[in-house]
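To start, the structure under review is shown below, and the notes come after it.
The values are calculated or read from the model by the stated rules, or taken from the named source; none is laboratory data. From a predicted model like this one, the values you see are computed outputs, not experimental measurements. Positions of Cβ are generated from backbone atoms using ideal geometry, with glycine treated the same way; all protein chains shown enter the neighbour counts. All accessible areas refer to the heavy atoms of the entire protein, side chains included, with ligands and DNA or RNA removed. Shrake-Rupley method; radii C 1.70, N 1.55, O 1.52, S 1.80 Å.
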Amino acid sequence: MDAADLASLQKKAQDCHACALSKTRTSVVFGTGSPAARVMLVGEGPGEHEDLRGEPFVGRAGILLDKMLRATGFSREKNVYIANMVKCRPPGNRDPAPEEVETCLFFLREQLRLIAPEYIVCLGRIAAQALIDPSFRVTAQHGQFIKKSGVMMMGTFHPAALLRDDNRKPEAFDDFCKLRDRVLAG
Ligand code: SF4
């Protein structure tokens, strides 16, 4: 993968005003991690902390995500790349509107083309329904690996949902263990 291409795509996103989210953002939250990652994690959109810092998953949900990643042999510094469906924060942390997701999909598609991950982990319903199956139900289908267009895809709980419901944490951790067993074993 050519890091210069990814940097040039990031610059393009930083100048993007293609949807209404550009009017209320502080930063464009493009993505972070290893450009050579075999695993890409995709959430729905930046929250308040992410919008202020310009980096995905840096609030409480991000700290929880990093803990689960580290405990299973992954980290954004080393071997995963993290991005969102939309690169600008939806006001008040509302769900991104379908037309905003559709407009911003250009950037995610290009990130996927350049990074070419072998695995995509969808964090939460919005990403899983957009990338895996429009009827994807996280509670029923999390942790299942499905091959689509040559990439293994898996949906799991959004870390913000885990902060609201502790009972789901073991299930989410188990999903990352399954990922580790596939990606890092052997
Ligand atoms: S959310 Fe995406 S499409 Fe909309 S302004 Fe931001 S970068 Fe552009």
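Under the condition of being within 11 Å of the ligand (Cβ to nearest atom) and assigned to a helix (DSSP H, G or I), which residue from segment 11-34 is most open to solvent (accessible area, probe 1.4 Å)?
LYS23
Determine if segment 148-169 includes at least one residue that is at positive phi and in contact with a Gly (Cβ under 9 Å, 6 or more places away or on another chain).
So far as segment 148-169 goes, no, none of its residues is at positive phi and in contact with a Gly (Cβ under 9 Å, 6 or more places away or on another chain).
Output the residues belonging to segment 143-157 that are assigned to a loop (DSSP other than H, G, I, E, B) and open to solvent by 30 Å² or more (accessible area, probe 1.4 Å).
Selection gives GLN144, SER149, GLY150.
Restricting attention to segment 104-141, and to residues there that are assigned to a helix (DSSP H, G or I) and open to solvent by 60 Å² or more (accessible area, probe 1.4 Å), which single residue is farthest from PHE30 (Cα to Cα)?
The selected residue is THR139.
Give segment 100-109 a look and list any residue that's within 10 Å of the ligand (Cβ to nearest atom) and of a type outside the set (Phe, Trp, Tyr), or say none.
Of everything in segment 100-109, those that are within 10 Å of the ligand (Cβ to nearest atom) and of a type outside the set (Phe, Trp, Tyr) turn out to be GLU100, VAL101, GLU102, THR103, CYS104, LEU105, LEU108.
Inspect all residues belonging to segment 86-104 and state whether any of them is closer than 18 Å to SER34 by Cβ and modelled with pLDDT of 95 or more. I'd like the intermediate steps shown before the answer.
Going residue by residue through segment 86-104, those that are closer than 18 Å to SER34 by Cβ are none.
Scanning segment 86-104, I find no residue that is closer than 18 Å to SER34 by Cβ and modelled with pLDDT of 95 or more, so the answer is no.
List the number of the failed condition for GLY186; all other conditions in (1) at pLDDT 95 or above; (2) more than 18 Å from PRO46 (Cβ to Cβ); (3) surrounded by fewer than 20 Cβ atoms within 10 Å (Cβ to Cβ); (4) not hydroxyl-bearing (Ser, Thr, Tyr) hold.
So GLY186 meets the others, but not (1).
Taking the conditions exactly as written (part of a loop (DSSP other than H, G, I, E, B) and either more than 16 Å from the ligand (Cβ to nearest atom) or surrounded by fewer than 17 Cβ atoms within 10 Å (Cβ to Cβ) (or both)), does ARG76 satisfy them or not?
yes
Can you tell which of ALA71, ALA37, ALA3 is away from the ligand (no atom under 16 Å from the Cβ) and either in contact with a His (Cβ under 9 Å, 6 or more places away or on another chain) or free of Cβ contacts under 8 Å to residues at least 40 places away in the same chain (or both)?
Among ALA71, ALA37, ALA3, only ALA3 is away from the ligand (no atom under 16 Å from the Cβ) and either in contact with a His (Cβ under 9 Å, 6 or more places away or on another chain) or free of Cβ contacts under 8 Å to residues at least 40 places away in the same chain (or both).
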